[in-house]
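To start, the structure under review is shown below, and the notes come after it.
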């Protein structure tokens, strides 16, 4: 124990240099933070350039320190953490195939705070627990990490909902043994949240145990979610029933009674907020108007009193001079009180002023971007939503889907093609082969692929037109 304290004391002077990312690389900073957090098995770092490389790890150089800690026994094999670099800057950290202890997570995020270029973290097949997931949910919002992969960790289902709405853009949960019960908890976090907190763009749920009930929970979440762009459900237990839930949600759907009540409540709250702001604006205007009127009354009354005093000066008798207040002073105070009484009447702004006030109030009240408010139309006394137009990529390969589902998706895609003039809105890529009970030469699949390819061509054309329009205009050379 004393040797361990001595080694910790030796590392303490280095604590002041942890933030010097300009002179130290990520490897040096991570080794220092590992010593500071008392990591038992200090990892070896492998530097990769550009992409995943299978080079041999660098030689381990901490044998003496481990021999002291483990009492002369052979040190355990150190884990290898791969760091991907791009243009001499680290961008991704990969922990794969070894046990990640609790202290290593804290050391890793302490090092990440000095390197804002590292935005991706992979902790795959590392046997992490729910406690590590809770720690990640606390540390990720304060870090630059926006891409997280926890593939192959099967004991993290309980606290997975904590990883949603913490600022992540991409989340991969492949081979995590997720069931329908877990999906129902996760999908509650996928429902509508303000865009400031809900930023998840892609969700990878490949190779899990998700069935039709899990798809139903996903479809309910997608009714109000407008941030998710890519959803991958490859290699699950989804049948035609679950796939049809997803096909229906990307098309026009009718609001339920609960959704209509939610729409009414949100509209009422917005009107109430607008009325509160309008009342405050009118009160401010009236206070300002009353102050200006009182000042004007005082000025007018003072001028009249001075003029009357000047006209009556020298005409007062000695008896009147001995009185406490002259006639002019009495008349002046009377006029002031009458003017103040008239000024206390509630002033009303003119039509032009009222128009300006209403314009300012409307600018202060935020528009409600909830899909059940902003994307609803009335048809035959029923409220309909335009569907989840944000989802552009859907992978349903290697499930239990038949040709019947293809027709439902074809109807939904044709509706999106007619309803949205913007080609970026709606489904652009649907992977439904291979791995399903669908013939390779299926006519509905061929027709569906033609419609999707046409939408992709429209999107490419619109992007090219947008790029050309944003380029600066070339001026002819001066002669």
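Put in order of Cβ neighbour count within 10 Å, fewest first, the listed residues 87, 348, 189 become 87, 348, 189. Compactness ratio for the stretch 194-249: Cα radius of gyration over 2.2 N^0.38 Å (N = residue count) comes to 1.14. Put in order of Cβ neighbour count within 10 Å, fewest first, the listed residues 427, 278, 410 become 278, 410, 427.
Projected label points at residue 213 and residue 117, each 7 Å from Cα along the beta carbon direction, are separated by 4.8 nanometres. With one equal scatterer per alpha carbon and no solvent term, the Debye-computed log10 I(q)/I(0) for the stretch 162-277 at 0.12, 0.15 1/Å reads -0.49, -0.72. Quarter the surface of the alpha carbon convex hull of the stretch 75-137 and you get the mean projected area, 4.8 square nanometres.
Extension gain, residue 77-residue 254: 0.36 nm per intervening residue step, less the Cα-Cα distance, totals 57.8 nm. Using a Förster distance of 30 Å, how high is the FRET efficiency between residue 373 and residue 230, based on the Cβ-Cβ distance and rounded to 0.05? Efficiency for this residue pair is about 0.70. Each label was represented as a point 7 Å from its Cα along the Cα-to-Cβ direction; for residue 197 and residue 283 these points are 2.9 nm apart.
Take the Cα of residue 393, step 7 Å toward its Cβ, do the same at residue 418, and the gap between the two points is 3.0 nm.
The length gained on full extension between residue 359 and residue 264, counted as 0.36 nm times the residue separation minus their Cα-Cα distance, comes to 31.8 nm.
The numbers here are math on the coordinates, done by the rules we state, and not lab data. Bear in mind that the values here come from a model prediction, so they are computed numbers and not experimental data. Please note: Cβ atoms are built from the backbone with ideal geometry, for glycine as well, and neighbour counts cover all protein chains shown.
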